[in-house]
Amino acid sequence: MSPKSLREYTEVIAKRYKRACYNSKKQLLTEYCQVTGFHRKHAIRKLNNFKFFQKFKKHKRGRKSIYNHPGPIKVLKKIWLTANLPCSKLLKALLPDWLPHYIQTFGPVDPQTLSLLEKISPATIDRVLKPVRPHFNKKGRSCTKPGSLLRHQIPIQTNQWNQFIPGFLEADTVHHCGDTVAGQYVITVNYTDLATGWTEQRAVWGKGESAVLQQTQHVEQSLPFALRGFDSDNGGEFINEHLFKYMTGRNSYPVQFTRSRPYKKDDNAHIEQKNWTHIRQWLGYNRFDNPAMVPFLNQLYTSEWRLYHNFF
């Protein structure tokens, strides 16, 4: 018996129980206990104390929001998108600096809207931007295909986060494939040093092993320190014979080549963070299916990009 049915049945029995004589009450109690399974004493208390009329609570009407008109919403949305989608607390702190530039770029803002934006709280910003956020919080597709070759020869490393010596790199790929992984497209290979946070990016066309190796060699030559360790995920662009020989087959000093556990992104926490802050926030999730973009991206990565991210 559902709770609703039990209440309806109890209400019917309680009305009869209130008006019945002593012998009739005994019969009603027996019937009620057999149907519900209650103890007799519990049934007596329940029928005697049953409330037929409940006073419903009145819902208090909240005050009408003053931020519903399109003025503040339009300004907040534009600044939020231009500032790279910050959280409400950061956006609140950014507003005094960004509002003058908004006025210079997009025209004057009425005094009422400016007054509201000066007093707006982070919680109100969250409420105002709630219908807007889902349209811009995109996620990429998982494009890592495990490379079975040499996996038993490359050890798994999960405790590399406490590294204080420069030269131990984490590497990962960011796919500029858009909504589909079909065909060829540009891929950015991202590298970061665990101790210093130094980052390097290189663009390649497709997931070819030789192209990734070539860019890894170029990154090693660009590092301000010697390469001591290399850690990646289980993708075939890293777990292959070319890169394995390049790292471990050195006569002078072999590089420690390790990999993360399959499908455990937390093992590569440093590089996963840099994938978002250094690539996705700037280039987005669009599809780059023109090979002519590779040299332009590499020119950007090796000149302005690395200097800006590593020194500023």
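Observations on the structure shown:
- Percentage relative contact order, the chain, counting C-alpha pairs under 8 Å, at least six apart: 16 percent
- For the chain, built as a Gaussian network whose Cα springs stay under 10 Å, the top-fluctuating residue of N84, N268, N251: N251
- Highest GNM mean-square fluctuation among H39, H176, H101, for the chain modelled with Cα contacts below 10 Å: H39.
- Residue-level accessible surface for R280, protein heavy atoms, 1.4 Å, Å²: 30 Å²
- C33 contributes an accessible area of around 20 Å² to the protein surface, as traced by a 1.4 Å probe with all chains present.
- Equivalent ellipsoid semi-axes - Cα gyration tensor, the range 1-134, angstrom: 65, 15, 10
- Cross-link pairs exceeding 22 Å between alpha carbons, from the set K89/K119; K74/K274; K15/K51; K78/K130; K26/K46: K74/K274.
- Within the accessible area of the chain (1.4 Å probe), percent carbon and sulfur: 55 percent
- The mean accessible area for residues of the chain, using a 1.4 Å probe and ignoring ligands and nucleic acids, is 62 Å² per residue.
- The chain - share of DSSP beta bridges that are antiparallel (%, nearest 5): 65 percent
- Solvent exposure ordering (accessible area, 1.4 Å, most first) of R19, R133: R19, R133
- Computed over the range 203-255: relative contact order in percent, which uses C-alpha pairs under 8 Å that are six or more apart: 38 percent
- Remark: the range 99-108, residue by residue, has Karplus-estimated 3J(HN,Hα) of 4, x, 5, 5, 5, 5, 8, 10, x, x Hz, where x stands for each Gly or Pro and the curve is 6.51 cos²θ - 1.76 cosθ + 1.60 at θ = phi - 60°.
The values are calculated or read from the model by the stated rules, or taken from the named source; none is laboratory data. None of the values given here were measured: they were computed from a predicted structure. Heads up: the accessible areas ignore ligands, DNA and RNA and are worked out on the full protein's heavy atoms, side chains in. Shrake-Rupley method; radii C 1.70, N 1.55, O 1.52, S 1.80 Å.
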